[in-house]
1. Tell me the angle of helix 121-133 to the major Cα principal axis of the chain, expressed in degrees between 0 and 90 and rounded to the nearest ten.
2. With θ taken as phi - 60° and the coefficients 6.51, -1.76 and 1.60, list the Karplus ³J(HN,Hα) couplings across the stretch 172-189 in order, rounded to whole Hz; mark glycine and proline as x.
3. Please list, in order along the stretch 254-270, the HN-Hα scalar couplings obtained from phi with the Karplus expression 6.51 cos²θ - 1.76 cosθ + 1.60 (θ = phi - 60°), rounded to whole Hz, x for Gly and Pro.
4. Using 7 Å Cα-to-Cβ label points, what is the ALA353/ASN77 separation (nm, one decimal)?
5. Step through the residues of the stretch 285-297 one at a time and calculate ³J(HN,Hα) from phi using the Karplus curve (6.51 cos²θ - 1.76 cosθ + 1.60, θ = phi - 60°), rounding each to whole Hz and writing x for Gly and Pro.
6. Given a 1.4 Å probe, how much area per residue of the stretch 312-410 is accessible, in Å²?
7. Find the all-direction average of the projected area of the Cα convex hull for the stretch 170-254, expressing the result in square nanometres with one decimal place.
8. Taking every pair of Cα atoms in the stretch 141-202, average 1/r, invert it to obtain the Kirkwood radius, and report Rg/Rh to two decimals.
Amino acid sequence: TGVFNAPKRYNIAENGAVGDGTTLNTKAIQATIDKCAQNGGGTIVIPKGTFLSGSIFLKPGVNIEMEDGSVLKGSTNIEDYPKGMTRIEGHFEPWRSALINADKVDHLRITGKGVLDGSGEPFWKLFYSRRSADSKTTNLSVERPRLAFIRDSKDVEISGISFTNSGFWNLHLYRNQHVKVDNCRFVAPHGRVPDDHAPSSDGIDVDSDQDVTISNCFFSVGDDDIALKGSKGPFALDDKDSPPVEHIRIQDCIFEAGGGVMTCGSEATIVRDVVVQRCTTSVNVLQLKLRPDTPQQYENITISDITLKDNATIFKVAPWSQYFDLKGQAPPKSTVRNITISNVKGSGSSLGAISGHNLTTFGDITLKNVNVTLKNANMRVGNINTLKFENVVVNGAPMSAPAGTPAPTK
């Protein structure tokens, strides 16, 4: 009897899509999605083959399954990604849609063994050529599509998918609850600029989300690996579009290249209750970007059971002043507190550095049960006197917490 309730499956190749790598399939794939939604939902199946497409828009009840050998390949024509009001870099503005877009699609599943390929190279080259012509070129000056943008949804699972060569961010999650990303790969060139580097190729951007678990994933990108994001600017705490990033779990992942296992910023206001465990990294373990124009709170972050490799560092905590705007307001205060990194082994570059801007208040930051081999045993600290070392051994010798200057009084 159970067969009668089996979810309907719609193979895009049986509905007009051609997997030859050159036929533009946007309309055929969207028509398949719409048909599936109209018939009560089900699963869109992308079979083996390379299916070129522009932006597609998922509907409630419509899932995606990518079979082994399937590639959904983004068009290199920016006009195949419609422009509309969307969330980008901590605010809303007209910007290009992603390759896959999902809005208010509770219970979404994107699963399988396929590849999302953003065909990013022409977009990267355009960005670098514009920037070399005008040094004031910002990330948003040159339109580039994300691979996937999922917003305002509950109970989302993405598993088994490879995200490659995104024109901009790979997976942008905005204002969702209960998201699981498991056994996915995020890969973009991370070599020399501009020839072999993908600008803004963040792996996962966790933007104003709650209850997100990222597990068993591999990251090798040209920008932040996992960035926790929100809003920015002196009025950020009043931004109703940007609730706190809370209850984030990152576990059993490998970080080969990128900005850091976990980065707060460059747009982030309140980030709390983050647990990272059992990860291997060749990049920064903890990166906190402290904006001088935003009242930031980064707190209750626990990182444990970390293996360092290659040029990994533990701390990269520093002011972020690349682009900021106080909008005529007095500089706001920021707080970083209750951060513990423990059970670290392996070999890397250095312990890194911790410093804030003038109005950063540091609470407890603890490093404990560490036994590592480092190329540079020194650590740079600035305006922090709450750094604690417990059982920290570097290059075979016990190490005490370096003294910083007192944090400013409130």
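The values are calculated or read from the model by the stated rules, or taken from the named source; none is laboratory data. From a predicted model like this one, the values you see are computed outputs, not experimental measurements. Here the Cβ positions follow ideal geometry from the backbone for every residue, glycine too, while neighbour counts run over all protein chains shown. The protein model used for the area step is the full one, side chains on, heavy atoms only, and it has no ligands, DNA or RNA in it. Shrake-Rupley method; radii C 1.70, N 1.55, O 1.52, S 1.80 Å.
1. 50
2. Per-residue couplings from phi come out as 10, 9, 10, 6, 9, 10, 6, 10, 10, 10, 10, 6, 10, 10, 10, 9, 8, x Hz.
3. 10, 10, 8, 8, x, x, x, 3, 9, 10, 9, x, 6, 10, 7, 10, 10
4. 4.7
5. Computed from phi, the couplings for the stretch 285-297 are 6, 10, 10, 10, 9, 9, 7, x, 10, 10, x, 8, 10 Hz.
6. Details: 5080 Å² over 99 residues.
For the stretch 312-410, the per-residue accessible area is 51 Å².
7. On the way: hull surface 24.2 nm².
Here the figure is 6.1 nm², rounded to one decimal.
8. Working: Rg = 13.1 Å, Rh = 12.7 Å.
Dividing the radius of gyration by the Kirkwood radius yields 1.03.
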